[in-house]
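Taking it in order: structure first as structure tokens, then the write-up.
The values are calculated or read from the model by the stated rules, or taken from the named source; none is laboratory data. Quick caveat: nothing in here was measured; it's all calculated off a predicted structure. Positions of Cβ are generated from backbone atoms using ideal geometry, with glycine treated the same way; all protein chains shown enter the neighbour counts. Note: areas computed on protein heavy atoms with side chains; ligands, DNA, RNA excluded. Shrake-Rupley method; radii C 1.70, N 1.55, O 1.52, S 1.80 Å.
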Amino acid sequence: MLGKLDWSAIPFDQPIPLVAGAVVLVAILAVLIWVVVKGHLPYLWHEWITSVDHKRIGVMYILLASVMLLRGGSDAIMMRIQQAVAYQSQGYLPPEHYNQIFSAHGTIMIFFVAMPFVIGLMNLVVPLQLGVRDVAFPTLNSVGFWLTATGALLVNISLVIGEFARTGWLAFPPLSELSYSPGVGVDYYAWSLQISGVGTLVAGINLVTTVLKLRTKGMNYLRMPMFCWTTLASNLLIVAAFPILTATLAMLLLDRYLGFHFFTNEAGGNVMMFMNLIWAWGHPEVYILVLPAFGIFSEVVSTFSGKALFGYRSMVLATMAICVISFMVWLHHFFTMGAGPDVNAIFGIASMIIAIPTGVKIYNWLFTMYGGRIRFATPMLWSVGFMVTFIVGGLTGVLLAVPPADFMLHNSMFLVAHFHNVIIGGVLFGAFAGFEYWFPKAFGFRLDERWGKAAFWFTFLGFYVTFMPLYIAGMLGMTRRMQHYDVGAWRPWMIIAAVGMAVLSIGVICQIVQLAVSIRNREALRDHTGDPWDGRSLEWAPSSPPPVFNFAFNPDVRGEDAYWDMKAHAKQQSLEHERLEYQDIEMPRNSPTGFICAFFASIMGFALIWHIWWMVILGGLGAFATFVVFAWRDHDEYVIPAEEVAAIDRVNLEERRSLVSMAGAV
Amino acid sequence: MAMIATAGHAHADPHHIGLVIEHPGPAPKRIVTAYGFWIFLLSDIVMFSCFFAAYAVLSGQTAGGPRGSEIFEPRNVAIETVCLLLSSFTCGMASIAADVRNRFWFYLGMAVTCVLGLIFLAIEFREFADLVARGYGPSRSAFLTAFFSLVGCHGLHVSAGVLWLLTMMAQVFAKGFRADILRRMTCFALFWHALDIIWVAVFSVVYLLGSGA
């Protein structure tokens, strides 16, 4: 009846996950009860859960990422404490629990923090920057988000019911095969990634189509803001790489569920095939994450330097070069597995070549700042912090791309330090820069600068104190994933790293406080202009937050830095302006399809993990029924009448005009 | 906000020598939908290429079990291929009928497509059932694993296509040739033709090369 599920699935003997699970459960219940009692449920349902507005979906993506960041961060704290105390002792975590923690940490941070964060920012901003009303497929967008949420839910369920994989974040066979991992951990891993992977693919298709087919009039390719270019590159990579992950995980699941022999040791299975496939996805994945961050830095650096981006065309070229080369370096992830010197040399060179377009980008940002009127607002701090940190991370990456050096350093703490250096220093700093930069656009008020700066400095310093010691420990021969160790020379570095983790945590707390303080002071921090940073691209043209239709008129773009141009020529523009007539706007209707799909997908995923076959069938039928009902609906759009558009737009214009006249009076 | 920059500004950019072709604005919905679906199909083909790669790697790993030439039946595969290629033709006819809003030919084209698809699936199912009955199931060897997965994955796509086809017929029956239904029909036709292309690859890589080996 319940497949493999019984009471032994709940880890009564392990207090840490149980207590954590109980606390989270109580918190969720409390929030739910509060929502229901206060009567917010209809609002949440109509305005957020069923929303197909790209801005709202973007915000929900970022919210999901933030919550999961806390979860993944807790795992990180537990690991740092364990390695600080586990010198010649077992530490406080049993080995199998420790193994689950590092697997969950990697999985969560990449798939459920970094991915939703950058996809959320792209969703929020790209249609605005392109001057369009929504993404190409709004309902599909909602489906994509909710499927990602399903994956995150399954990972969190594994905390209390059953276990998570103990195989590392990529579940290498044969360890992840049934004979070595008979539990449900790998199944949790694989199904949550399969389901959220579908969501990611959907988002990728959506954004590629949006950028290529929906740009507003005059938005030629070489007038698109840099963030749109990196979004395009990143989503092209998603479309090309995520199917590889889907196929690879499908093969692993077939091995585990039906006794197939893709990667087994018996009957001719080939483990190296898994390595090739997973890294053919995994290396582009790194650039899927970091390219949007590069785009964010380009926008931020240009805005806060008060200058157009230096070398825009070389930046575009560098972005697309990275997009292509990222598929030609995957083998550097297994230099030591006997591919031979020739193959290693070719992939080593390819891996170093990718540093060239990245270097082009760094110089372009530096030259954008050079001679600019720089304002060190919080997003700019994150950007400058990124440039310094990412160079260190990139250089250690080039070191690791040298095959002989890699033979010494692979699977060491040096490697751990390297990829945290690029992922935190690149992706996470970028995500935070984007968060601070576009927050006013999403919510209509700015974030508190003082707490923002405090958050930056604590995170920045904490990052260095945590991860520089790991480079040294790696040089001293410490390998990754160690549950305990007996080498005294490593210990001081582990303790310093744990201290760094504490500083890093203060940074996170500052960010939470910043959010709370800003929400409390939102009236004082209100952004009346829609353009709080004196921005250059079209997302700053509508009010903050923008109306559901984004633009009352389709913008007509005449050059790079579209909004900067408009501001520069505002006088003539205001003369021409009054002639335009407002028109009815058709917008996609809200739809619960995404939420219902994800509901059935959650049921199906859970049932698949526990081999509850009747429930799998039920979930499948539900999903199909949702699809048919969605396909059957007659009205997928509603009309906002011209008068309403005019009314909304006039309010915004009045607000801006009064500000301008006030400024004129001063 | 009015979104009109000053006239003559386009010439301010020194890189713009000569005529600049202005982007005309968002594409019509028909194009956007078909374009998005093309991209999905590309991603699907990437997924298939992984199974092709796995088959290429594992095709020699028979672990003492049968090789391809011992189990493939060229006659059946030929019939399958004919069915699928013909079904693509009839699907094309149904698309044309939809474009000219001719219900009779639309239903007829779709029905024939459906029957041909089902015949294809039946032959494939019999092939699989027969192999399993002889003890040559997918868990017998890595070669058979890769074979069943690659061909089965295509078969699953055809099955999904048949379901979709029936849904399309029902939709046209219930709602007629509405613009959104026609967009879906375009996507379905693209899907069905793409399955043909993949089958040609399966036919060549698995059955032709396998029979020769």
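Laid out as a table, the results:
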item	result
Some residue of segment A:600-621 being more than 20 Å from A:Trp48 (Cβ to Cβ), within 14 Å of another protein chain (Cβ to nearest Cβ) and in contact (Cβ under 8 Å) with a residue 24 or more places away in the chain	no
Residue count, segment B:147-184 (criterion: open to solvent by 10 Å² or more (accessible area, probe 1.4 Å) and closer than 22 Å to A:Pro588 by Cα)	8
Test: A:Trp365 is buried (at least 23 other Cβ atoms within 10 Å of the Cβ) and in contact with a helix residue (DSSP H, G or I) (Cβ under 7 Å, 6 or more places away or on another chain)	yes
Elements of type helices (runs of 4 or more DSSP H) contained in segment A:307-413, each with 2 or more residues being over 27 Å from the mean Cα position of the chain (by Cα) and in contact (Cβ under 8 Å) with a residue 40 or more places away in the chain	A:341-353, A:403-409
Hey, B:Phe52 part of a helix (DSSP H, G or I), more than 13 Å from chain A (Cβ to nearest Cβ) and either out of contact with any Phe, Trp or Tyr (no Cβ under 8 Å at 6 or more places or on another chain) or in contact (Cβ under 8 Å) with a residue 40 or more places away in the chain (or both) or not	no
Subset tally (residues that are touching a Lys or Arg at 6+ places or on another chain (Cβ under 8 Å) and not acidic (Asp, Glu)) for segment A:1-50	1
Leading residue by the ranking (least open to solvent (accessible area, probe 1.4 Å)) among those in segment A:50-94 that are out of contact with any helix residue (DSSP H, G or I) (no Cβ under 7 Å at 6 or more places or on another chain) and either basic (Lys, Arg) or under 18 Å from A:Gly106 (Cβ atoms) (or both)	A:Ser74
Residue ID - farthest from A:Ile238 (Cα to Cα), chosen from residues in segment B:26-43 that are at the interface with chain A (Cβ under 8 Å from one of its Cβ atoms) and open to solvent by less than 20 Å² (accessible area, probe 1.4 Å)	B:Val32
Test: residue in segment A:232-249 that is surrounded by fewer than 24 Cβ atoms within 10 Å (Cβ to Cβ) and more than 8 Å from every other protein chain (Cβ to nearest Cβ)	yes
Some residue of segment A:332-340 being at pLDDT 90 or above, touching a helix residue (DSSP H, G or I) at 6+ places or on another chain (Cβ under 9 Å) and of a type in the set (Val, Ile, Thr)	no
Which listed residue, of A:Leu5, A:Leu41, is surrounded by 11 or more Cβ atoms within 10 Å (Cβ to Cβ) and within 31 Å of the chain's Cα centre (by Cα)	A:Leu41
Options A:Val208, A:Val198, A:Val202; residue that is open to solvent by 10 Å² or more (accessible area, probe 1.4 Å), within 13 Å of chain B (Cβ to nearest Cβ), of a type in the set (A, V, I, L, M) and under 13 Å from A:Ile119 (Cβ atoms)	A:Val202
Matching residues in segment A:536-569 - criterion: being facing chain B (nearest Cβ under 7 Å), part of a loop (DSSP other than H, G, I, E, B) and of a type in the set (Asp, Glu)	A:Asp556
Among residues of segment A:437-479, those that are of a type in the set (Phe, Trp, Tyr), open to solvent by 40 Å² or more (accessible area, probe 1.4 Å) and either within 15 Å of A:Ile509 (Cβ to Cβ) or free of Cβ contacts under 8 Å to residues at least 24 places away in the same chain (or both), counted	3
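One line per residue, one yes/no per condition, for (1) at pLDDT 95 or above; (2) under 21 Å from B:Ser49 (Cβ atoms); (3) in a helix (DSSP H, G or I); (4) away from chain B (no Cβ under 12 Å):
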{"position": "A:Gly218", "(1), (2), (3), (4)": "no, no, no, no"}
{"position": "A:Leu222", "(1), (2), (3), (4)": "no, no, yes, no"}
{"position": "A:Tyr257", "(1), (2), (3), (4)": "no, no, yes, no"}
{"position": "A:Phe260", "(1), (2), (3), (4)": "no, yes, no, no"}
{"position": "A:Phe263", "(1), (2), (3), (4)": "no, yes, no, no"}
{"position": "A:Ala267", "(1), (2), (3), (4)": "no, no, no, no"}
